[in-house]
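Colleague: Attaching a single structure in C-alpha cells format; questions to follow.
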Amino acid sequence: MAAALASSPLVHLTASRLRLPRLRASVSSSAPGCSRGVCLGWRLAAGWRAGRRCERLRCFSSDGGGGEEGEKRGEEEASAAAAPGEELGSERSRSGSFSSSSSSAGTPGVSSEPPLLSFSVDNIDTVKLLELLGPEKVDPADVKAIKEKLFGYTTFWLTKEEPFGDLGEGVLFIGNLRGKREEIFAKLQRQLRELTGDKYNLFMVEEPNSEGDDPRGGPRVSFGLLRKEVSEPGPTTLWQYVISLLLFLLTMFSCVELGIASKISSLPPEIVSYFTDPNATGPPPDLQLLLPFVESALPVAYGVLAIQIFHEIGHFLAAFPKNVKLGIPFFIPNFTLGTFGAITQFKSILPDKKTMFDISMAGPVAGAALSFSMFFVGLLLSSNPVGANDLVEVPSHLFQGSLLLGLISRATLGYRAMHAATVSIHPLVIAGWCGLTTTAFNMLPVGCLDGGRALQGAFGKEALFGFGLTTYSLLGLGVLGGPLSLPWGLYVLICQRTPEKPCLNDVSDVGTWRRAALIASVFLVVLTLIPLWDELAEELGVGLVTSF
C-alpha cells in the first residue's frame, strides 16, 4: 500500500503527514515469536524506509510545508516515535481525506494497527499541480518589471489586467493608448527585448468588450504577453517528414489514377463496367490490363502535380521576404481531382495581417495562373485538327460541373462540339480543370484554408466565423462543388476547420485594394464551383442533356 502511494506521479505527500506504526508497550501486540526489541527495530526500519520515499517527493501542501521544513518535521516525528512507551496521538480526519485506519475497537479480520501513510486531499494544491501539467505561465516578477518600465504616460496607460491565451497562461494589459499604435507597438517590442531578451512575445490585439473605438481612429487596442515556447509553433519532427513523404507518394498514385480515368473511352470494357456500373457482379477484372495506359496517363498526372507544386512555391516565395518560416506541405490525395491540395503550416508567428493575407493569397494566385494557362491552351489545342491524335474523349456532361469553366469551354469549342455525348479534348484541359477546381476549393472562406486565412487577415476572425457557417451550409446542400461538396466538406472539418492563430500586430488594416481583391476572388470561386443545372446547360449547349 505504501509503495503504491509513493510511486504515483500525481500524488504528492508531505513528510509531515508521515505516520509511523504505533508502538505498544505490551509484548502481546508484537508478532508471535518476536521479542519486543526485535519488533521495535523492525517497525522503526519500516517507518524510516517510508520516510525516505516521501522525502523524494516534491511537496505541494496547502500549509506550505515542504523542502527542508518537511524534512525537519519528519525527523522530529521519527525521534518522537522512537521514544520508549510514547504513543502518537491520532489526528481527527477531515472530509475528503483518504484513510485506511480502523477504530480502536478490534474488528475481526482487520488489524488495529494505524496505517503506515495517511494524507488528505486538502493538502494537495491543485492549482500548482495544473501549473506543472499545463503550459508555462508568465513570470509575475517579469510582469511587475514590464508594468514599471514599459508602460506609462507616453506609451500605454495601464488600467487593468486579464488572462490571455487559450488557457489563460498569459497576461492581457488593458488601458489607454498614448500615440500611434504602430509606433508604440514597435517601441514596446524593442523595450521588451532589452528587458527580458527572447523570453516573451508581445501581441497587439483589439480590446475585448470595448465600448467604442479609439479617439485616434480604429479599434481600441490591448497588449497580450505570452512565453515564446507557448505562442510559437514547434519544429517539424522526423515523423512529420515521413508522413509528408508517404502522402506525396499517395498523391502521385491518385494523379496517375486520374490520368488513367481520363482514357475511359479507350479502356477495356470489362474494367469500365466493373468500376462504373453499381450493379456489376462477379470477380474483379485483371488490373494488369491497365498497365499499357499508364504511360499515356502521365501527362495529366504531371500537369496536376505541377499545379500543386507551383501553388506551394507561391506560398514560399511570398513568405521568404517576410522572414516567415513555413512547414513542409502535406499533400492530400483525391481520386477525383488528383489531390485536395496541401496543408502547409506557419512555423513562425506572423508579424501582421498584411503578411497573413499576402502569403495566403500567393499560393492560389500562382496555382490558378498555371491552371488557367493549361486549361486555355488545352482548349485551343482541342480545336486544332493537327493535334487530333493527342486528344481524349470524355463525357460531355463533365463540363456541366462548373458554370464558369463550362461557359469558357462552350465559347472556345463551339456549340456543335459541346452539344454531343462525348467531347474530344487535350489532356491539358483535364489538368487545368482539376487544378482550377482544387484552387477554388482551397479559396473557400472557411477555417485554415487559404481563403479562410485571407479572410481572417482582411476582415477579422468574427467575419470568418460567419462566412464559415455559410460555406458549410452551401457545401452540405451541394450548391458548391456538386458531388465533390461532401468529401471536401469532410476534409475541411477534419483537417482545416481551426482558424489561424493571431498575428503579433493583429489590429492594423490590410488596405482597401486587398479587400477588393479578396472579394473578386471569392466571386470567381463561387462561379467556378456552382454546377450548371440542366435547363441552363441545355439552353447553352454545354453537354447533351437527355432528361430534365
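Colleague: Using the heavy atoms of the protein chains alone and a 1.4 angstrom probe, what is the accessible area of segment 150-265 per residue in square angstrom?
Modeller: For segment 150-265, the per-residue accessible area is 55 Å².
Colleague: Among 252-260, 437-445, what's the highest-first ranking by average C-beta atoms within 10 angstrom per residue?
Modeller: Result, highest mean Cβ count within 10 Å first: 437-445, 252-260.
Colleague: Counting pairs of alpha carbon atoms under 8 Å apart in space and at least six apart in sequence, what relative contact order in percent does segment 399-472 give?
Modeller: 17
Colleague: How long are the semi-axes of the equivalent ellipsoid of segment 343-475, taking √(5λ) for every eigenvalue λ of the Cα gyration tensor, in whole Å from largest down?
Modeller: 36, 16, 10
Colleague: While we're here: Could you list the residues of segment 302-319 with an amide nitrogen less than 14 Å from a label point located 7 Å from the Cα of Asn389 in the Cα-to-C-beta direction?
Modeller: Of the residues in segment 302-319, none has backbone N under 14 Å from the label point off Asn389.
Colleague: A further question on this structure: Quick one: which residues, 5+ away or cross-chain, put their amide H under 5 Å from the amide H of Gly341? H built at 1.01 Å from N.
Modeller: Ile332
Colleague: Given the whole protein assembly as supplied and a 1.4 Å probe, what does the accessible area of Met361 come to in Å², nearest 10?
Modeller: Accessible surface of Met361 is approximately 20 Å².
Colleague: Another question, if that's okay. Under 10 °C and 1.306 mPa s, how fast does segment 383-455 diffuse according to Stokes-Einstein, given a Kirkwood radius computed over C-alpha pairs? Answer in µm²/s, whole number.
Modeller: Approximately 116 µm²/s, per Stokes-Einstein.
Colleague: Between their Cα atoms, which of Lys160/Lys347; Lys263/Lys325; Lys160/Lys180; Lys199/Lys353; Lys160/Lys228 are more than 29 Å away from each other? Let's see the in-between values first.
Modeller: On the way: Lys160/Lys347 32 Å; Lys263/Lys325 41 Å; Lys160/Lys180 21 Å; Lys199/Lys353 23 Å; Lys160/Lys228 23 Å.
In this structure, Lys160/Lys347; Lys263/Lys325 exceed 29 Å between Cα atoms.
Colleague: Assigning unit charges at the beta carbon (Lys, Arg +1; Asp, Glu -1) and nothing else, what dipole magnitude in debye, to the nearest 20, does segment 310-431 show about its Cα centre?
Modeller: For segment 310-431, the charge dipole is close to 340 debye.
Colleague: Translational D (Stokes-Einstein, µm²/s) of segment 210-260 at 25 °C and 0.890 mPa s when Rh comes from the Kirkwood sum over C-alpha pairs?
Modeller: Using the Kirkwood radius from Cα pairs, D works out to 153 µm²/s.
The values are calculated or read from the model by the stated rules, or taken from the named source; none is laboratory data. Here the structure is a predicted model, which is why all the values come from computation and not from measurement. Cβ: placed from backbone, ideal geometry, glycine included. Neighbour counts: every protein chain shown. Protein only, heavy atoms only, side chains kept; ligands, DNA and RNA dropped before computing areas. Shrake-Rupley method; radii C 1.70, N 1.55, O 1.52, S 1.80 Å.
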